[in-house]
1. At pLDDT 85 or above and not in a helix (DSSP H, G or I) - does that describe any residue in region B:217-224?
2. Just give me the residues in region A:234-261 being open to solvent by 80 Å² or more (accessible area, probe 1.4 Å) and in contact (Cβ under 8 Å) with a residue 12 or more places away in the chain, in sequence order.
3. Hey, among the residues in region A:52-79 that are farther than 25 Å from A:Thr193 by Cα, in a helix (DSSP H, G or I) and not acidic (Asp, Glu), which one's least open to solvent (accessible area, probe 1.4 Å)?
4. Can A:Leu92 be described as in contact with a Phe, Trp or Tyr (Cβ under 7 Å, 6 or more places away or on another chain), facing chain B (nearest Cβ under 9 Å) and open to solvent by less than 60 Å² (accessible area, probe 1.4 Å)?
5. What is the number of the single condition among (1) surrounded by fewer than 22 Cβ atoms within 10 Å (Cβ to Cβ); (2) within 13 Å of chain B (Cβ to nearest Cβ); (3) among the hydrophobic types (A, V, I, L, M, F, W, C); (4) closer than 27 Å to A:His194 by Cα that A:Ala103 does not meet?
6. Only residues that are more than 18 Å from B:Leu10 (Cα to Cα), surrounded by 13 or more Cβ atoms within 10 Å (Cβ to Cβ) and among the charged types (D, E, K, R): list them for region A:107-133, please.
7. Residues that are in contact with a Leu (Cβ under 7 Å, 6 or more places away or on another chain) and farther than 28 Å from A:Lys53 by Cα: list the strands (runs of 3 or more DSSP E) wholly contained in region A:185-291 that include at least 3 such residues.
Amino acid sequence: MMVTGEEENLIVVDGLAKQYKEFTLHGIHFHLPAGYIMGMIGPNGAGKTTTIKALLDMIRPDAGHISMLGASTANDRIALRDSLGVQLDTTLYPDYWRVKQVAKSLRDFFPQWDDAYFDQLCREMDIPSKTKYKSMSRGTQVKLQLAAALAHHPRLLILDEPTGGLDPLARDELLTRLQDFIADGEHSVLLSTHLTGDLERIADFLLYIRGGRQQFFGHVDDLLNQYVLVKGGLNELTPALREVLIGLRTHSEGFSGLLAVDQTAGLPNTLLQESITLEELMIYFGRGGHA
Amino acid sequence: MHNTLRMMRLDTRSVNIRNNVLLIYLVTNLITVALAFSPLAEGAFLIGFGGLIGGSGACLITPFVASAQRGLDAFYAMLPVRRRDIVNGHYLFAAVLSLFMLMNTWLIVILIHWLRPTLFGADLPILLSFAFVGPFMLLMMSSVQYPILMRISYEKAPYLIFLPIVAAGLVSGYIGGSSTDLLGRHGFFSPRGYPLLGLGLVGGAGIFLASLLLARRLYARRDL
C-alpha cells in the first residue's frame with residue numbers, strides 16, 4: 001500500500017527519549033498512518049518495549065512528543081483506550097482467571113466490548129474456557145490477550161511479540177487476521193517482533209532500533225533495497241572492503257557481509273551480490289556495523 | 001467515581017479476594033463464637049477479634065501482592081482509567097473492607113451476647129464501641145502502606161509493608177486491653193469517650209485523605 005499526504009496518522013512519535021541508569025532511548029521518530037501495519041524490530045534490549053511503554057503512558061518520556069489516535073496528552077490518550085487494543089509480552093492477567101473472568105472484568109471498562117465477538121475469537125483461537133490463565137501455555141496466554149484486545153473493536157492494535165509463543169499454524173492465522181483488521185483502511189497495527197519473516201509478509205512500514213537508537217524508519221522494501229549481501233573468496237577481501245562491510249563474517253571458504261548499495265560501485269564482478277532478508281539484516285547489523 | 005468503583009471491583013476480582021475474605025471471616029467468626037464458650041477463660045473470645053484484624057490486614061495488601069506477581073500494573077495501563085482512579089480504587093477497597101470488618105465484629109458481639117448473655121453483661125457497650133478500633137487501625141495501616149506500595153511496589157519492599165500490620169496489631173491490642181481503665185465501662189459511648197472518638201475519626205480521616213493524595217502523586221510519577 002502507498003501512503004498519500006492526506007492519510008490520517010494513528011500514531012505520531014517525534015523525538016521520543018528516555019534515560020535509565022543503564023539504558024537510554026534516543027530521539028525516536030515515526031508515524032503510522034491508518035490502514036497500515038508497522039513492524040518494530042531490533043535485538044533484545046534495543047528499546048522496543050520502552051517505546052511501547054511510552055506509547056501506553058506506562059513511563060514518562062524525558063523528551064519528545066507522542067500523539068495517538070489524535071490525542072497528545074496522557075489523559076487524552078487514556079480516555080481513548082477503548083479505541084486501542086493491546087497485547088504485551090508479559091503474563092498480564094491474575095493467575096486464577098479464566099476466559100469468563102477476563103470478559104467479566106474488561107466488559108466493565110470498555111463501552112464497545114462485544115461478548116459475542118470475544119466468544120467467537122476464543123473459539124476460533126482454540127482458547128480453553130475452563131483453564132486458569134496460569135495453566136495456559138505461553139501461546140494460549142498470548143491468544144487470550146489478543147482476543148481481549150480485539151473484542152472491543154479498537155482502531156489501533158499495539159502488539160508486543162505476539163507471534164513468539166505461537167505454533168506456525170496459529171501464527172499464520174494471526175497474520176491473516178491482522179491483514180483483515182487493516183483491510184478497510186481505517187485500522188492500523190504496530191507490531192514488535194523478533195520473527196522478521198512475519199514482518200516481511202505483512203508489514204508496510206518498519207522501525208528498526210538498535211542500542212536505543214533508531215536505525216531506520218520507512219517502507220520495508222526501502223530498507224531492504226538499501227543493502228546487499230556481498231560474498232567472495234578470502235583473497236578478494238581487501239582492507240578497503242573490510243572497512244565498509246557491515247557484520248563481516250569470514251570462514252575457511254571466504255567471507256560475507258552487508259554493504260550499502262551506494263558503496264557497491266567499483267566492486268569486482270567476481271564478488272557475489274545478493275538481495276537481503278530482514279533476518280540477515282538483523283544478524284549482520286547485530287554482529288557489528290552501522291546503518 | 002465510576003472508574004473508582006470499577007477499579008475497586010477489579011481489586012476484588014484480581015485476587016479472588018471475595019472468597020478469601022468470606023472464608024477468613026467465616027472461620028474466624030466460628031472460632032470467636034466457640035471461644036466464647038471456652039471453659040478456659042472468659043476473655044478467650046478476644047483472640048478471635050485479634051484474628052479478624054490480622055486476616056483483614058492480610059486481605060488489604062493482597063491486591064498488591066497479586067500485582068507484583070502478575071504485573072497487573074501493565075494490565076491497569078491498558079484500561080481507560082487514569083492513574084488517580086486506580087489509586088482511588090485501592091483506597092475505596094480498603095475503606096469498604098474496614099467497614100465490612102466493623103459490621104462483622106458488631107454482628108459477632110451481638111450474636112455472642114444473644115447466645116450467652118452472662119458473658120459480656122454490662123460490658124456490651126464497650127465491646128460494641130471498641131469494634132471501631134480494628135477497622136480504624138487497618139485504615140491507618142493502609143494509610144502507611146499504600147503510598148509505599150504505590151511508589152516502589154510490593155515486590156521491592158515486602159518486609160517494609162508488613163511493619164504497619166505488626167504496629168496495627170500492637171496498638172489495637174494495647175487499646176483493647178486498657179480500654180476499660182481509659183474510658184470506663186461504656187467505652188467510646190461515654191462522656192469521656194465521645195471527644196476521643198470524634199478526634200480519632202476526624203484525625204483518622206485526615207490521615208487517610210493525606211495518604212490518598214500522597215499515593216496518587218507517587219503513582220502518577222512511577223514508571224510501570
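1. Step one: of region B:217-224, the residues at pLDDT 85 or above are B:217-223.
Subsequent filtering for residues that are not in a helix (DSSP H, G or I) retains B:222-223.
Yes, region B:217-224 contains at least one residue that is at pLDDT 85 or above and not in a helix (DSSP H, G or I).
2. Answer for region A:234-261, where residues must be open to solvent by 80 Å² or more (accessible area, probe 1.4 Å) and in contact (Cβ under 8 Å) with a residue 12 or more places away in the chain: A:Leu234, A:Arg249, A:Glu253.
3. If we take residues in region A:52-79 being farther than 25 Å from A:Thr193 by Cα, in a helix (DSSP H, G or I) and not acidic (Asp, Glu), then A:Ala74 is least open to solvent (accessible area, probe 1.4 Å).
4. Working: in contact with a Phe, Trp or Tyr (Cβ under 7 Å, 6 or more places away or on another chain): yes; facing chain B (nearest Cβ under 9 Å): yes; open to solvent by less than 60 Å² (accessible area, probe 1.4 Å): yes.
Yes, satisfied.
5. Exception for A:Ala103: condition (4).
6. Hits for region A:107-133 are A:Asp114, A:Asp119.
7. Of the strands (runs of 3 or more DSSP E) lying wholly inside region A:185-291, those with at least 3 residues that are in contact with a Leu (Cβ under 7 Å, 6 or more places away or on another chain) and farther than 28 Å from A:Lys53 by Cα span A:227-232, A:246-251, A:254-260.
For every residue, the table says whether it meets (1) at pLDDT 80 or above; (2) in a loop (DSSP other than H, G, I, E, B); (3) in contact with a strand residue (DSSP E or B) (Cβ under 9 Å, 6 or more places away or on another chain); (4) within 12 Å of chain A (Cβ to nearest Cβ).
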position	(1), (2), (3), (4)
B:Leu10	yes, no, no, yes
B:Asn19	no, no, no, yes
B:Pro39	no, yes, no, no
B:Leu60	no, no, no, no
B:Ala95	yes, no, no, no
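The values are calculated or read from the model by the stated rules, or taken from the named source; none is laboratory data. Bear in mind the structure is a predicted one, so any value in this text is a computation, not a measurement. Neighbour counts are summed over all protein chains in view; Cβ atoms, including those assigned to glycine, are modelled from backbone coordinates with ideal geometry. Surface areas here come from the heavy atoms of the whole protein model, side chains and all, with no ligands, DNA or RNA. Shrake-Rupley method; radii C 1.70, N 1.55, O 1.52, S 1.80 Å.
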